1. What is the fewest-to-most order of 177, 160 by other Cβ atoms lying within 10 Å of their Cβ?
2. Tell me, 244, 336 in order of fewest to most beta-carbon neighbours within 10 Å?
3. Sticking with the crude label model, points 7 Å out along Cα→Cβ, report the distance from residue 119 to residue 262 in nm, one decimal please.
4. Using R₀ = 41 Å, calculate the FRET efficiency as 1/(1 + (r/R₀)^6) where r is the Cβ-Cβ separation of residue 337 and residue 200; round to 0.05.
5. Exposure proxy check: 319, 239 ranked by fewest other beta carbons within 10 Å?
């Protein structure tokens, strides 16, 4: 059942209320570690948590620019989409080949185009819904005619709005949302009738996108990172309605440092060079204190991944990871649950 208690109250980055994994809105989460340590599995767990949380929230036409309600677009980018049979069966996802640069450019351009259209329509819908709250509209409807030049102008404007809404509903049917206010719904229906149309009960909502980017470190997706279209899209993710992004990497390298200002959270698995882990502390965590610094952070990572363990004992640690929340709140966890710092 949808519950407004799950809704975010602003367009800023905030921790998602009631989400079973601590994740913030408009998050960019990076997963670092060697192949086979469980990055994709944990990415999927985060993905499922965001979807579950979103299904409990409610899109609010009175606050149309807030990113509440279920996910509208589920994008999965990977160089293995053409060879992975499991991925091919997932019809609910938009699958993009991470090896094809033009695919990424087209994706980013299509998101930008959609957002520009939807932002205009949401503004127009505000005018339509406000008009349908007014008592004057009811009286005009009861008379069933247009009496003055002012009425003519108003109804011409409403017809323009309705035309744009109906066009957008056909172009982006996944963004249709029910009008749940009985008075507004009734008056919109009457307005449609005056204009010789039939209202189906649906208006337009804001898009809400999640994006999973798996095993793309060596692809063109991260070539010339600061200049490419994909990176620019990530930087504008709040404006674009991209609610959650997870990206997996094999190592902490140049890509990591390009992305560091955008990251909200990181998962550190086994397989990373200790000197890179050490260097990441000052840049990212914001958790330093008189009793916790770079040395303690590196030791925490070593303990988590069983750095000193050998043989069969080391296998116990192979799927362990540190979950580092950077903002809007800061913490370090073993897995998603156990708070270490």
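Coordinate-derived values only; no laboratory data. Please read all numbers here as calculations on a predicted model, not as lab measurements. Counting neighbours? That spans all protein chains shown, and the Cβs are built from the backbone with ideal geometry, glycine included.
1. Working: 177 20, 160 11.
Exposure proxy ranking, most exposed first: 160, 177.
2. Details: 244 27, 336 16.
With the fewest neighbours first, 244, 336 line up as 336, 244.
3. With each label placed 7 Å out from Cα toward Cβ, I get 1.8 nm.
4. Details: r = 45 Å, r/R0 = 1.09.
About 0.35, to the nearest 0.05.
5. Values: 319 17, 239 13.
The fewest-first ordering by Cβ neighbours comes to 239, 319.
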